[in-house]
Amino acid sequence: MDEKRMPDGIVLTEAQKRSRRHRSIAIALALGVLVVLFFAVTLVKGPAVLVRPM
Amino acid sequence: MFPTKARFVLSVVDHNAIELSPRISEAEVGDYIALLKPRVMSLVVFTALVGLIIAPGHFHPVLAFTSILCIAVGAGASGALNMAYEGDIDALMSRTANRPIPRGRITPPEATAFGITLAFFSVMTLGILVNWVAGGLLAFTIFFYVVIYTMLLKRWTAQNIVIGGAAGALPPVVAWAAATGSLSMEPILLFLIIFFWTPPHFWALALFRSDDYARAGVPMLPVVAGPDATRLQILLYTVVLVAVAFAPWPLGYFDAVYGVTSLVLGAGMLALAINVYRRREGVAATRATRKLFAFSILYLFALFATLLLEVVVRAVAPAIGAVASAIG
């Protein structure tokens, strides 16, 4: 088997892998903030969380 | 199934020879943060904070934080969608050529997807967690900035920043609505101050960047009507701005400290606008416009900071008085 054969599909460079990882972490953090925000507001408003002026 | 010609073309395509080379993004988190226009966002956050704090009644700190966060993210979404649409213009202007899209770090579709996602989440979160008056106003602000200003006005009329300035003036109104669930005169006064502040501020910038705007084909007032007409418009709008900014005191909406501060700052703004009107040639003219541009930022910041301080002092004064009487 030819060992120099390029693997199928797209191969990311190290820079691309690094930037993708950083972006993924940022998205995870943003989603985490959103979850905490909804949780905190639920605690603040209590059962009336869905009762709000239109 | 296929016409003859199409069948022939399909038959000669060697699928093994097609090299798929999709663009793989190397954009860093910092590039996406740059899309949010952090400096504009900081002014939006500050003016919104003032709208929130001067609003009457108690507003829970968690809800206040949520409101400011949503307004900030909404402003960032507007910035991202603006840059997604204006990549061609930004590439031609020295002030904006370093933005992520002209540099090729982020593509316009990526910026569009990013902006729409942020706009959706900011509006829905504000609406669900705080109230729908604020959520609706935030949605309108984003729509106005992206569609009315960026897509329709900016490349079409020299009045682009006059009308478009409404988008930048709305954050304190959104914040007030978040805190109270309604609107009243005070946030409208804040809106008017920012609205009439926008033309002198941006036309001062456009005067010393007019080559940039002309190269990009943006019909800013100095490019279309010339620098002298722009200088006159700056002066007229500054007169209106100073009057509008002073009016809340005699009308009884804001205190004397604000009124006096507004007068002092207004005198400075007016003096610089007159200087811009008078000095029309050479280095002195450029220096005058740069001074007005820089002072206009300080003017708005100081005016709103005074309102903020008034509220803080009013809240803290009774406590200080109580402590003083206890010691005495």
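The values are calculated or read from the model by the stated rules, or taken from the named source; none is laboratory data. Predicted model only: the values in this text are computed from it and were never measured. FYI the Cβ positions are ideal-geometry reconstructions off the backbone, even for glycines, and counts take in every protein chain you see. These accessible areas exclude ligands, DNA and RNA; they are computed on the full protein's heavy atoms, side chains included. Shrake-Rupley method; radii C 1.70, N 1.55, O 1.52, S 1.80 Å.
Quick notes on this structure:
- Relative contact order for the stretch B:171-281: 23 percent, from Cα pairs under 8 Å spaced at least 6 residues apart, divided by residue count.
- Two-decimal Rg/Rh across the stretch B:44-113, once Rg and the Kirkwood Rh are taken from alpha-carbon atoms: 1.18
- Surface composition of the stretch B:27-183: carbon and sulfur atoms hold 73% of the protein heavy-atom accessible area at a 1.4 Å probe.
- Extending 7 Å from Cα along the Cβ direction at B:Leu309 and again at A:Ala48 yields two label points whose distance is 3.7 nm.
- Radius 15 Å from Cβ of B:Glu26, net charge of other residues (Lys, Arg +1; Asp, Glu -1): +4
- Computing Rg and the Kirkwood Rh from the Cα coordinates of chain B gives a ratio, Rg/Rh, of 1.09.
- Semi-axes of the equivalent ellipsoid of the stretch B:272-320 are 38, 7, 6 Å, computed as sqrt(5λ) over the eigenvalues of the C-alpha gyration tensor in descending order.
- Rounded Å value of the spacing that divides the Cα centres of the stretch B:104-146 and the stretch B:182-255: 26
- The residues of chain B present an accessible area of 47 Å² per residue when probed at 1.4 Å with all protein chains retained.
- Distances between every pair of Cα atoms in the protein assembly as shown, grouped in 20 Å steps from 0 to the bin holding the largest one, split as 24, 48, 22, 6, 1, 0 percent.
- Solution diffusion estimate, µm²/s, Stokes-Einstein, the stretch B:108-178, Kirkwood Rh from C-alpha pairs, 20 °C, viscosity 1.002 mPa s: 167
- For chain B, modelled as a GNM whose springs connect Cα atoms under 10 angstrom apart, the maximal fluctuation among B:Gly74, B:Gly51, B:Gly181 occurs at B:Gly181.
- For chain B, the longest principal axis of the alpha carbon atoms and the long axis of helix B:171-180 meet at an angle near 70°.
- Legend: translational diffusion of the stretch B:184-310 by Stokes-Einstein, Rh = Kirkwood radius over C-alpha pairs, 20 °C, 1.002 mPa s; D = 143 µm²/s.
- Spacing of the two label points (7 Å from each Cα toward its C-beta) at B:Leu270 and A:His22, in nm: 5.0
- Rg/Rh (Cα only; Kirkwood hydrodynamic radius) as it applies to the stretch B:148-241: 1.06
- Accessible area of the stretch B:203-328 belonging to carbon and sulfur atoms, whole % at 1.4 Å probe: 68
- Buried area at the B:A interface is about 1900 square angstrom, summed over both chains, from accessible surfaces computed with a 1.4 angstrom probe.
- Distance between the modelled labels on A:Phe39 and B:Tyr253, one decimal in nanometres: 4.1 nm (7 Å Cα→Cβ projection).
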